[in-house]
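S.K.: Supplied in structure tokens, the structure appears directly below.
The values are calculated or read from the model by the stated rules, or taken from the named source; none is laboratory data. Small disclaimer: the values here were computed from a predicted structure and weren't measured. Every residue, glycine among them, receives a Cβ derived from its backbone with ideal geometry; neighbour counts consider all protein chains shown. Surface areas here come from the heavy atoms of the whole protein model, side chains and all, with no ligands, DNA or RNA. Shrake-Rupley method; radii C 1.70, N 1.55, O 1.52, S 1.80 Å.
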Amino acid sequence: MEVQARGVAKVFPNRRRGDVEAIAHVDMDVAPGEFVSILGPSGCGKSTFLYIVGGFVEATGGSVSVGGTPITGPGPERGIVFQEFALFPWKTVHGNITYGLAEQGLSRREQQERAEHYIHMVGLQGMERLYPKELSGGMKQRVAIARTLATDPDVLLMDEPLGALDAQTRAEMQTELSSIWERTGKTVLFVTHAVEEALFFSDRVVVFSQRPARIKSVVDVEIPRPRDRKGILRDPRFAELHHHLWDLLHETRPSTQTGAATAEAPVDGG
Ligand SMILES: Nc1ncnc2c1ncn2[C@@H]1O[C@H](COP(=O)(O)OP(=O)(O)OP(=O)(O)O)[C@@H](O)[C@H]1O
Ligand SMILES: [Mg+2]
């Protein structure tokens, strides 16, 4: 399913301290099956944009359509992983994951099978009966990912979904998510702070300006697939794109100029 944003704008009204303009103007087209990442400085409006596409926050200007239909709120074709996990504190790991499946009308057995599959995928076997307060940040984040994947939405909206994970788990989840995407052809809109992660996953990387967000640049990632995390680090295109995106994020050169590879390009893979 394609996602189409036209002139999306958002102002958060605040009478005492003055209104906050989070998004000035964003046009975006994500093709069916495309993986697009959003990079941008902290506080620039990335989450707000994702929540508007998810239907959780209402835009004050412009419109978003998904699969050709203008959105009016959340919908089952869009699955979102919130930056703050947003688990139900009164439900166990298992209960959090099966909640959406029950809503979709799956039988008990189907719920159980789906839950087991995704619990295994995110490496939380044996923790099914724990409550969110008993989990580490990284575990909670993995529950949030499993919960969203389990409902099998056409469009995945992920807000720094791997940000709370240790390097090892993060690498495993990157490989896992990337293979899910390759297998299922889901449309993904992915917010991250990690340049190398954006390059590993994406067909295109959209760079947002400082708040209020506008699109500063759109970078095509022409690195052949399938990509593997180690191999990509040796690809000269990776170094070049990494350098270019790094510069865009740190505003050291005009956004229209293309980047050139240098020996100093950070290629540590994160
Ligand atoms: N519900 C809200 N009410 C008022 N202001 C808000 C609300 N949500 C976000 N904002 C403001 O909108 C701006 C953009 O916030 P947003 O969370 O979208 O940034 P972000 O790019 O996701 O940042 P980060 O990278 O740190 O997650 C910020 O100035 C924030 O304070
Ligand atoms: Mg955010």
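S.K.: Exactly one condition in (1) modelled with pLDDT of 95 or more; (2) under 21 Å from the mean Cα position of the chain (by Cα); (3) surrounded by fewer than 17 Cβ atoms within 10 Å (Cβ to Cβ) is false for Ser107; which is it?
M.R.: So the condition that Ser107 fails would be (2).
S.K.: For segment 83-96, how many residues are under 26 Å from His193 (Cβ atoms) and either β-branched (Val, Ile, Thr) or outside any loop (DSSP other than H, G, I, E, B) (or both)? Write out each step before concluding.
M.R.: Taking segment 83-96 as the starting set, the residues that turn out to be under 26 Å from His193 (Cβ atoms) are 83-87, 96.
Cutting the leftovers down to either β-branched (Val, Ile, Thr) or outside any loop (DSSP other than H, G, I, E, B) (or both) gives us 96.
Residues meeting the conditions: 1.
S.K.: Given the conditions (1) surrounded by fewer than 21 Cβ atoms within 10 Å (Cβ to Cβ); (2) at pLDDT 95 or above; (3) touching a helix residue (DSSP H, G or I) at 6+ places or on another chain (Cβ under 8 Å), and given that Gly61 satisfies all but one, which numbered condition is not satisfied?
M.R.: The number of the failed condition is (3).
S.K.: For the subset of segment 110-124 comprising residues that are touching a helix residue (DSSP H, G or I) at 6+ places or on another chain (Cβ under 6 Å) and farther than 22 Å from Glu160 by Cβ, which member is least open to solvent (accessible area, probe 1.4 Å)?
M.R.: Ala115
S.K.: Restricting to segment 153-188, give me the number of residues that are assigned to a loop (DSSP other than H, G, I, E, B) and surrounded by fewer than 15 Cβ atoms within 10 Å (Cβ to Cβ).
M.R.: 2
S.K.: Further, regarding this structure: Pairs please, first residue from segment 81-110 and of a type in the set (Lys, Arg), second anywhere and open to solvent by 50 Å² or more (accessible area, probe 1.4 Å), Cβ atoms under 6 Å, 6+ apart in sequence or on different chains.
M.R.: Note: no pairs meet the criteria.
S.K.: Right, something else. Looking only at segment 55-77, filter to residues that are without any contact (Cβ under 8 Å) to a residue 24 or more places away in the chain and part of a loop (DSSP other than H, G, I, E, B); which one of those is nearest to Ala31 (Cα to Cα)? Reasoning before the result, please.
M.R.: First, pick out the residues of segment 55-77 that are without any contact (Cβ under 8 Å) to a residue 24 or more places away in the chain: 55, 58, 69-75.
This time we only want the ones that are part of a loop (DSSP other than H, G, I, E, B), so: 55, 58, 71-75.
On the way: Gly55: 19, Glu58: 23, Ile71: 17, Thr72: 20, Gly73: 21, Pro74: 20, Gly75: 18 Å.
Ranking the candidates gives Ile71 first.
S.K.: Also, I was wondering about something else. Return the pair list, or none, for Cβ contacts closer than 6 Å from residues in segment 160-178 that are outside the structural domain of Glu197 (by TED's automatic domain parsing) to residues that are modelled with pLDDT of 95 or more and within 16 Å of ligand 1 (Cβ to nearest atom), at least 6 apart or on different chains.
M.R.: Final answer for the pair search is none.
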